[in-house]
Amino acid sequence: MAEESNKALLLSVDCPIASLPDHLLIEIFIHVPIVEWGRLSCVNKYWADLFRQECLWRAALIRCFPLAGQGERWPGPIPRGMSKRRFIALYMSKWIFPLDDELSEIVGHSYLFLKEQLEISTLPPSPGILHGTIIDQFISCGKSRDRAHEVASLIWLAVIENLEDNDQTFILLKRLALEGDKQVFVEYPYSRWYKVEWKILERLFTDFRDCLGDADYYHLLASAKHKFHPIPPAWLGY
């Protein structure tokens, strides 16, 4: 009833496409640039409801990512989700990671999983558990352990880079940096995890320097000097 009421309201307005059936509206919408979809969904309640429908996202998935198999087996601990989730995962992978198509959806889902888990308002799972889950996902999908660790480090780097500048991110990064001293991360291969630890400290010393108390700052600085040489002058406040 609510959908019929919303459509009746739309038809009462002088709108040239108001009388089009849903499948044609969806066909029009998925040909509009993706950056405009948010604005389209705000035009009226009926269009907003269409953007919540599985059929729209399935059509968008087929049009924008035609090689994304619909019936492929999806093992592993990270859920694949419905068409909207799959579309977002593939879209994030396309714009953040310069990887081959075979890995795109796995990488996208792993990125979304890690970012969502780290942004949990309560205490998120430990980095070791999260990292192990991502590794298990890649291995379950037939990737080698070496390739799994290589791509997992890229996912961590991208997530840390794209966390918002707010109090929750500061607390999270400080926790990751301090727990890094306890070898929480699975350091394999070692050089790749140095890049992740570097990125965590870089954000703390540049984006959140004013949030660090003296004790935490000098503790983290000592840890950075122990792991990296030389360290950037910006980390020293120069």
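Structure notes:
- Sole residue being open to solvent by 50 Å² or more (accessible area, probe 1.4 Å), hydrophobic (A, V, I, L, M, F, W, C) and under 18 Å from residue 91 (Cα atoms), chosen from 28, 34: 34
- Enumeration of residues in the stretch 119-133 that are of a type in the set (S, T, N, Q) and modelled with pLDDT of 85 or more: 133
- Test: residue in the stretch 11-19 that is in contact with a Leu (Cβ under 9 Å, 6 or more places away or on another chain) and at pLDDT 90 or above: no
- Any hit, the stretch 136-148, residues being acidic (Asp, Glu), part of a helix (DSSP H, G or I) and either modelled with pLDDT of 90 or more or open to solvent by 30 Å² or more (accessible area, probe 1.4 Å) (or both): yes
- Qualifying residue in the stretch 83-90 (condition: farther than 18 Å from residue 159 by Cα and over 17 Å from the mean Cα position of the chain (by Cα)): no
- Residues of the stretch 146-179 that are out of contact with any helix residue (DSSP H, G or I) (no Cβ under 6 Å at 6 or more places or on another chain) and more than 17 Å from residue 111 (Cβ to Cβ): 146, 165, 166, 167, 168, 171, 174, 175, 178, 179.
- Under the condition of being hydroxyl-bearing (Ser, Thr, Tyr), modelled with pLDDT under 90 and open to solvent by 80 Å² or more (accessible area, probe 1.4 Å), the residues counted in the stretch 192-238 number 2.
- In the stretch 37-80, residue most open to solvent (accessible area, probe 1.4 Å) [restricted to those that are modelled with pLDDT under 90 and among the aromatic types (Phe, Trp, Tyr)]: 74
- Applying the criterion of being open to solvent by less than 70 Å² (accessible area, probe 1.4 Å) and over 22 Å from residue 127 (Cβ atoms) to the residues of the stretch 81-99, the residue that is modelled with the lowest pLDDT is 99.
- Test: residue in the stretch 179-190 that is of a type in the set (Phe, Trp, Tyr), open to solvent by less than 60 Å² (accessible area, probe 1.4 Å) and at pLDDT below 90: yes
- Look at (1) open to solvent by less than 10 Å² (accessible area, probe 1.4 Å); (2) assigned to a loop (DSSP other than H, G, I, E, B) and you find that residue 107 fails only one, number (2).
The values are calculated or read from the model by the stated rules, or taken from the named source; none is laboratory data. None of the values given here were measured: they were computed from a predicted structure. So basically every Cβ, Gly included, is an ideal-geometry build from the backbone, and we count neighbours across all protein chains shown. For the accessible areas, the whole protein counts, side chains as well, though only heavy atoms, and no ligand, DNA or RNA atoms are used. Shrake-Rupley method; radii C 1.70, N 1.55, O 1.52, S 1.80 Å.
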